1. What single numbered condition from (1) in contact (Cβ under 8 Å) with a residue 40 or more places away in the chain; (2) crowded, with 24+ Cβ neighbours inside 10 Å; (3) within 16 Å of the ligand (Cβ to nearest atom) fails to hold for Arg217?
2. What residue, among those in segment 290-324 that are of a type in the set (Gly, Ala, Ser) and either crowded, with 23+ Cβ neighbours inside 10 Å or modelled with pLDDT of 95 or more (or both), is farthest from Lys13 (Cα to Cα)?
3. Which condition does Gly51 not pass, out of (1) on the phi < 0 side of the Ramachandran plot; (2) away from the ligand (no atom under 16 Å from the Cβ), if it passes all the others?
4. Go through Ile146, Ile96, Ile87, Ile104 for me and flag whichever is closer than 23 Å to Phe297 by Cα and touching a Lys or Arg at 6+ places or on another chain (Cβ under 8 Å).
5. With a cut-off of at least 3 residues that are touching an Asp or Glu at 6+ places or on another chain (Cβ under 8 Å) and within 16 Å of the ligand (Cβ to nearest atom), name the strands (runs of 3 or more DSSP E) lying wholly within segment 63-181.
6. If you check every pair at least six apart or on different chains, which have Cβ atoms under 8 Å apart with a residue in segment 306-331 that is in a helix (DSSP H, G or I) first and a residue that is of a type in the set (Ser, Thr, Tyr) and buried (at least 18 other Cβ atoms within 10 Å of the Cβ) second?
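The values are calculated or read from the model by the stated rules, or taken from the named source; none is laboratory data. The shown structure was predicted, so the numbers you read here are calculated from the model rather than taken from an experiment. For neighbour counting, all protein chains shown are included, and Cβ atoms are generated from backbone atoms with ideal geometry for every residue, glycine included.
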Amino acid sequence: MRQKHSDYMHWSKTQSRARFNLATSGVAPFPFHDLPIDLKKLEINGDDSYGYAPLQQAIAAHHGVDPDCVVESAGTSMANHLAMATIIEPGDEVLIEHPAYGPILDIAHYLEANVQRVCRPEENGWAIDPAEVRSCVTPKTRLIVITNLHNPTSVLTPESVLREIGDIARSIGALVLVDEVYLDAVYENTPRTSFHLGPEFVATSSLTKVYGVSGLRCGWILAQPDLAWKMRRLNDLYSATPVHPGELLSVAAFKHLSLLRGRARRILDSDRKLLRDFLKQQSNISAVSTDWGTTSFVQLEEGNADDFLERLRTKFDTSAVPGRFFEMPDHFRVGMGVNTEMFAEGLKRISRALA
Ligand SMILES: Cc1ncc(COP(=O)(O)O)c(C=O)c1O
């Protein structure tokens, strides 16, 4: 039987919540009433063809690309699915980073890909090494998949490394899919999308994680026009036409993007400082620290993170994401950027649970 579910998504929807919820990966919800919009212009029904032009243009302008390269999708989730389903045939080799965001692996298995892994070693600061990528690809590799920023660690892969990975892909006729849903959480000198690095790059993203408007499900793929067209055609088999009020509100969100992004940044900056100070005081946990991103991947020096997190939730009403969802059961992921008071109290409770 093909895999037809995601254990991580199921856990996230049913078991991740607690009073002190550090199992998040996106920033605080941006309140609807703070979005400067004219409600009279909201409509229910719209253009049912391949993409709402003002939204295509807003996404294209955000990235400095041609609107023909933009495919609208329901969040980065559907963007990843559409991109992979368009590119992969059953039996194709797909090289995926380890540790990986679970649903990316789940999609590859669902599509009956032959999944291979390339390790991001913790001792190398979770960096992806092009030499390692080179040693893992074969002539049958069709796609290399990475996240940038990396989920769960928030580590940034620099453009020079992405270029090398692109060269490797080109040499074997493969493509590189870069999930960039967290990239705009690099607030200073935000890197441009990897899509600019060459025709072998396909990038996915959305407004869900860094902008606080997950409910709009505004996601997209950047791909060469011929591939983009195939993705739009394939989407006719999935969500077919988007929710039009969502498209209108997404266009409004793009108009006020710096407002949405700035608000979350203040919370993230405070939370990151708290996390750094907290980690310095702890002797039995450690994490690679980054200056950006919404998550941190913490290693528990001793014991099993599942047992620890179970106790943390039942006795301390605090949650974080078990590392087993990233195939690293002695780690757990902590999310920042929602509410600094809640985050501070969550850290205190982690400390008490560790004691
Ligand atoms: C790396 C990565 N890609 C995609 C998603 C899904 O994003 P969206 O909410 O835009 O569907 C997530 C959500 O946590 C993620 O971490």
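1. (2)
2. Applying the first criterion (of a type in the set (Gly, Ala, Ser)) to segment 290-324 yields 293, 296, 303, 305, 319-320, 323.
Keeping just the survivors that are either crowded, with 23+ Cβ neighbours inside 10 Å or modelled with pLDDT of 95 or more (or both) gives 293, 296, 305, 319-320, 323.
Working: Gly293: 22, Ser296: 20, Ala305: 20, Ser319: 13, Ala320: 13, Gly323: 17 Å.
Among those residues, the one meeting the criterion is Gly293.
3. So the condition that Gly51 fails would be (1).
4. Details: Ile146 fails: touching a Lys or Arg at 6+ places or on another chain (Cβ under 8 Å); Ile87 fails: closer than 23 Å to Phe297 by Cα; Ile104 fails: touching a Lys or Arg at 6+ places or on another chain (Cβ under 8 Å).
Only one candidate qualifies: Ile96.
5. Strands (runs of 3 or more DSSP E) meeting the threshold: 141-147.
6. Leu309/Ser319; Leu312/Thr318; Leu312/Ser319; Arg313/Ser319; Phe325/Tyr8; Phe326/Tyr101
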